[in-house]
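Have a look at the structure below, then the notes.
The values are calculated or read from the model by the stated rules, or taken from the named source; none is laboratory data. The structure presented is a predicted model; accordingly, all values stated were derived computationally and were not measured. Because the Cβ atoms are built from the backbone with ideal geometry, glycine has one as well, and the counts that use them run over all protein chains shown.
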């Protein structure tokens, strides 16, 4: 019983770590621009495909090769994120939120349908990029890939924290997210900060894409939809705009989902996230770690 | 205030037109008939979403969810109750059958309206993109629930739905939707929808109850989406939960955006256009979604008020 519980705990944490990586991108973009970047889930998908195409170029099944693939996918995703921001969102900086939201949905659909044309609609199997080994500790079975996911996620989240709280760019990012106008008066170029935010968030999503593909070894152009939506739910659970909140929400959602998936209600697994979303928005819209704000006229 | 009788007259004319078309349906090419029915169903969907998203300004991404509820409820009535009520011997296309279908559609619409009421309640506290997410989540929950509900076919869907949908029913539903939504938003009461959309805080300061308007918009919009679902099910004769997913909702949203939020005539034109377009684009069918999404992005960048809107009410853009 206990072993089973711990087993599910490990599975839940490694799924949650991926949600957390995606959720961070949502929460950061929401922090600076106050809108839901629907296309973020498809940046995650493109990250996984970038990994697929990079994998043959790197030595298979080695730590170094894995690092190269993840790094390359992060770079590709960051470039894509910056391009999306420049082409689709920047022209709408002064437009009503609804227009930006619709554009984001459009970009998301575009990436999915273009992905189906370019990558093919059929699921593709993802190659082995990290050394794959089945580990067993005290009756617990897990794969080395799950460990890789957790380690990577932890490093990336700590790295993000260092960037946000200990660099000039990070300070600018926090300033813009607190008050864009005041930040501009302090000499911060908001466009640069927003571009940086998109690059950072998309890179995390790209890493998430590869790590997801490593654990769930087929990828397809629509693979981002559900994890993306769930990661957004995770961001709200943790408190949108809060970086530790996104990480916490991701882990929490991964755990809840894995435990439900292991129970007799497993077919309802995909509805859990949305039920949680609605409950949270109704009763605690600020999320676990967020601060409630009063809207002023 | 436009004279009401004109609207009534238009509604009656549409009913007559539907009857005439239905009477002639043997002489119309079946392919054209199918396209016509598809156009009608999409008009019902787009105009009803327009009440929620366009006139009242509550962005909803779950319209396919309401449609699913209507489709399943209507089909459940005609499949499981129909044989007991009218027997197996009822003449095809006869009065008994059409009465059954009419009441089944009504039940489907009411079931969806109930769901609309439930979704409308969170909208009292949420706005903008949060609300969009709740409606999206709601649509997904409906889909998962239907996939797990074996009596209605589960993930495989419901087959063997009788082909009751005729041109008459589609035209009648389309006319009823346009008529109801049109009369609603032009009435004194209905100006409240526009007020809530334009500025919720100012509307409540002026003594209107935004919450009530939002709930009414969701309920009425969902009712007609449910009817469209019923028509759809009895037209295709088979429905699956995955047929009412997020991308179906998006399709309806694109129609409303293309036509212009709050512009009923524009939305009808857009529904016609977007239903006919894939028929003409069959040779390049795989590019259809790419085109749709480019259209959506391009519209938002260049013409956010929609293709067919030439005047905008809002004088001052919101900051």
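Any idea which of A:147, A:164 is farther than 25 Å from residue A:215 by Cα, in a helix (DSSP H, G or I) and more than 10 Å from chain B (Cβ to nearest Cβ)?
When all the criteria are applied, what remains is A:164.
In region B:233-249, which residues are within 19 Å of residue B:52 (Cβ to Cβ) and surrounded by 24 or more Cβ atoms within 10 Å (Cβ to Cβ)?
Within region B:233-249, B:244, B:249 meet the criteria.
Do we find that residue B:283 is at pLDDT below 80 and closer than 26 Å to residue A:114 by Cα in this structure?
Judged against the criteria, residue B:283 is a match.
Which number in (1) modelled with pLDDT of 85 or more; (2) over 26 Å from residue A:145 (Cα atoms); (3) not in a helix (DSSP H, G or I) marks the one condition that residue A:192 misses?
Among (1) modelled with pLDDT of 85 or more; (2) over 26 Å from residue A:145 (Cα atoms); (3) not in a helix (DSSP H, G or I), the lone unmet condition for residue A:192 is (3).
Among the candidates A:289, A:211, A:253, single out the residue that is more than 10 Å from every other protein chain (Cβ to nearest Cβ), surrounded by fewer than 24 Cβ atoms within 10 Å (Cβ to Cβ) and touching a helix residue (DSSP H, G or I) at 6+ places or on another chain (Cβ under 6 Å).
Residue meeting the stated conditions: A:289.
Just one of B:295, B:307, B:274, B:269 is within 10 Å of another protein chain (Cβ to nearest Cβ) and in contact with a helix residue (DSSP H, G or I) (Cβ under 8 Å, 6 or more places away or on another chain); which is it?
Answer to the selection: B:295.
Can you list residue pairs whose Cβ atoms sit under 7 Å apart, with the first residue in region A:177-193 being buried (at least 17 other Cβ atoms within 10 Å of the Cβ) and the second being assigned to a loop (DSSP other than H, G, I, E, B)? Count only pairs 6 or more apart in sequence or on different chains.
Short answer, once both residue conditions are applied: A:177/A:241.
Report, by residue number, each residue of region A:101-125 that is more than 7 Å from chain B (Cβ to nearest Cβ), touching a helix residue (DSSP H, G or I) at 6+ places or on another chain (Cβ under 7 Å) and surrounded by fewer than 18 Cβ atoms within 10 Å (Cβ to Cβ).
If the condition is that a residue be more than 7 Å from chain B (Cβ to nearest Cβ), touching a helix residue (DSSP H, G or I) at 6+ places or on another chain (Cβ under 7 Å) and surrounded by fewer than 18 Cβ atoms within 10 Å (Cβ to Cβ), then A:124 is the only one that fits.
Which of (1) at pLDDT 85 or above; (2) surrounded by fewer than 18 Cβ atoms within 10 Å (Cβ to Cβ) does residue A:63 not meet, given it meets every other one?
Unmet for residue A:63, out of (1) at pLDDT 85 or above; (2) surrounded by fewer than 18 Cβ atoms within 10 Å (Cβ to Cβ): (1).
Would you call residue B:133 facing chain A (nearest Cβ under 10 Å) and part of a helix (DSSP H, G or I)?
yes
From the list A:218, A:267, exactly one residue is surrounded by fewer than 16 Cβ atoms within 10 Å (Cβ to Cβ), farther than 16 Å from residue A:31 by Cβ and touching a helix residue (DSSP H, G or I) at 6+ places or on another chain (Cβ under 7 Å). Which is it?
The unique qualifying residue is A:267.
Look through B:120, B:116, B:109 and report the one residue that is more than 14 Å from chain A (Cβ to nearest Cβ), touching a residue at least 24 places away in the same chain (Cβ under 8 Å) and under 30 Å from residue A:35 (Cβ atoms).
B:116
Only one of these conditions is not met by residue B:256: (1) within 14 Å of another protein chain (Cβ to nearest Cβ); (2) outside any helix (DSSP H, G or I); (3) touching a helix residue (DSSP H, G or I) at 6+ places or on another chain (Cβ under 7 Å); (4) under 22 Å from residue B:186 (Cβ atoms). Which number is it?
(2)
Please name all residue pairs, on different chains or six or more residues apart, with Cβ atoms under 7 Å, provided the first residue is in region A:262-280 and is more than 7 Å from chain B (Cβ to nearest Cβ) and the second residue is crowded, with 16+ Cβ neighbours inside 10 Å and outside any helix (DSSP H, G or I).
Once the first residue is more than 7 Å from chain B (Cβ to nearest Cβ) and sits in region A:262-280, its partners that are crowded, with 16+ Cβ neighbours inside 10 Å and outside any helix (DSSP H, G or I) give A:280/A:287.
Any chance you could count how many residues in region B:143-187 are part of a loop (DSSP other than H, G, I, E, B) and within 14 Å of chain A (Cβ to nearest Cβ)?
Total satisfying the criteria: 1.
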